[in-house]
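Engineer: Here you go, one structure.
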Amino acid sequence: MIPPDDLPPLREVIRRHGLSAKRSLGQNFLLDLNLTGRIARAAGPLDGVTVIEIGPGPGGLTRALIAEGAAKVIAVERDQRALSALAEIAQRHPGRLTVLEGDALAFDAAPYLGDGPARIVANLPYNIATALLVSWLTTEPWPPWYDRLVLMFQREVAERIVAPPGGKSYGRLSVLAGWRTQAKILFDIKPQAFVPPPKVTSSLVELVPRARPLPCERGLLERVTAAAFGQRRKMLRQSLKTLGTDPLPLLAAAGIEPTARAEDIAIEGFVALARALEAVRMKA
Ligand code: SAM
């Protein structure tokens with residue numbers, strides 16, 4: 001494909017800037033500009049949007065986000081070797097790309113946000129993908145500073161994010177994501193699309209924040225799901241003992257059978273348990 005800008009093809013960028021992929025940085029690059037364009041379109045429309053991109057690497061997705069009309073891309077990259085390649089993109093699009101060198105896990109987007117909507121779009125480094133997602137899902141206040149997350153994960157992680165109750169994929173991440181957002185898998189990408197190819201299929205996931213998640217204290221919801229899924233094969237009357245209070249009144253208040261197991265309980269049930277736990281603590 002002819003690049004949508006007049007910058008060189010990505011293979012040439014990689015060669016010129018010595019960007020051989022490092023496993024320690026979770027580097028699996030997307031060099032097909034058709035594919036990066038498809039991801040950017042799935043995250044669109046982007047007019048007026050400030051996009052936060054984590055791990056731009058050689059800049060394939062970055063270029064697509066700019067080509068699709070993002071007002072501004074703020075790109076956070078840990079690999080110093082990528083900075084000169086990214087500087088060429090910034091130069092080609094004055095004022096539309098800010099490249100920040102650093103660790104995305106410690107990144108605070110607040111100083112970079114404009115008046116319009118902000119969105120996080122990324123082909124995430126898989127070794128920190130879940131940690132980054134949890135940090136965005138637990139941000140306060142809620143609704144958050146971003147209007148959407150469009151993120152690439154390993155298929156197995158994507159399935160955990162969107163899983164309904166009743167199966168093996170359903171767990172703490174599904175409850176947190178489903179409580180605060182509407183999450184869905186947009187499409188899959190085969191390993192061969194990446195350089196180097198990862199071992200597994202990847203999935204692009206969209207998470208749209210709910211304006212009003214069911215009310216409960218986030219910290220207590222996380223404690224309840226940690227207890228319940230920490231021993232997911234056990235009945236809740238047993239697994240919830242780690243909360244340090246008698247589980248039976250909690251389960252009764254939440255209208256849940258004491259013999260039920262974590263994976264049978266819908267998000268509403270965990271919210272009810274968190275609220276029951278809050279009531280017990282208020283009395284104490
Ligand atoms: N966006 C590029 C693409 O689609 O081809 C690269 C994606 S690659 C899966 C992940 C990128 O995240 C790499 O460029 C890697 O250097 C970067 N990265 C890894 N750990 C990081 C961290 N802690 N903070 C910021 N970037 C990181």
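The values are calculated or read from the model by the stated rules, or taken from the named source; none is laboratory data. Keep in mind it's a predicted model, so treat the numbers as computed, not measured. Counting neighbours? That spans all protein chains shown, and the Cβs are built from the backbone with ideal geometry, glycine included. Ligands, DNA and RNA are excluded from the accessible area calculation, which covers all protein heavy atoms including side chains. Shrake-Rupley method; radii C 1.70, N 1.55, O 1.52, S 1.80 Å.
Engineer: Are there trypsin sites (Lys or Arg not before Pro) in region 148-205 that DSSP puts in a loop and that have at most 15 other Cβ atoms within 10 Å, and which ones?
Structural biologist: Sparse-neighbourhood loop trypsin sites (Lys or Arg not before Pro): Lys168, Lys199.
Engineer: From the Cα trace of the chain, what convex hull volume per residue do you get, rounded to a whole Å³?
Structural biologist: Measuring per residue, one finds 130 Å³ for the Cα hull of the chain.
Engineer: Another question, if that's okay. What value, in deg cm²/dmol to 500, does the helix sum -39500 (n - 2.57) over DSSP H runs of n ≥ 4 give at 222 nm once divided by the residues of the chain?
Structural biologist: -10500 deg cm²/dmol
Engineer: Moving to a separate point now. Summing Lys, Arg as +1 and Asp, Glu as -1, what charge do residues with Cβ under 9 Å from the Cβ of Pro209 carry, Pro209 excluded?
Structural biologist: +2
Engineer: Let me ask another. With a probe of 1.4 Å, find how much accessible area the chain has per residue, and write the answer as a whole number in Å².
Structural biologist: 47 Å²
Engineer: Compute the long axis of helix 83-92 from its Cα atoms, compare it with the longest principal axis of the Cα atoms of the chain, and write down the angle in degrees, 0 to 90, nearest 10.
Structural biologist: 70 degrees
Engineer: Among the lysines, which fall within straight-line cross-link reach of Lys168, defined as a Cα-Cα distance under 19 Å, with same-chain neighbours fewer than 8 residues apart omitted?
Structural biologist: Lys184, Lys234
Engineer: For region 1-45, give the percent of accessible area contributed by carbon and sulfur heavy atoms, probe 1.4 Å, rounded to a whole number.
Structural biologist: The value for region 1-45 is 52 percent carbon and sulfur by accessible area.
Engineer: Heavy-atom accessible area of Asp47 with all protein chains present, probe 1.4 Å, nearest 10 Å²?
Structural biologist: Spelled out: Asp47, probe radius 1.4 Å, area about 120 Å².
Engineer: Also, I was wondering about something else. Give me the extension gain from Val200 to Arg38: residue separation times 0.36 nm, minus the current Cα-Cα distance, reported in nm with one decimal. Intermediate values should be presented prior to the final figure.
Structural biologist: Values: separation 162, 0.36 × 162 = 58.32 nm, distance 2.00 nm.
Value of the extension gain: 56.3 nm.
Engineer: May I pose another question? Can you give the extra length, in nm with one decimal, that the chain gains between Lys234 and Arg281 once fully stretched, where that is 0.36 nm per residue apart less the Cα-Cα distance? Spell out each step's value before the answer.
Structural biologist: Working: separation 47, 0.36 × 47 = 16.92 nm, distance 2.44 nm.
Full extension of this stretch gives 14.5 nm more.
Engineer: For region 48-77 and region 209-280, what is the separation of their Cα centres, given in Å?
Structural biologist: 39 Å
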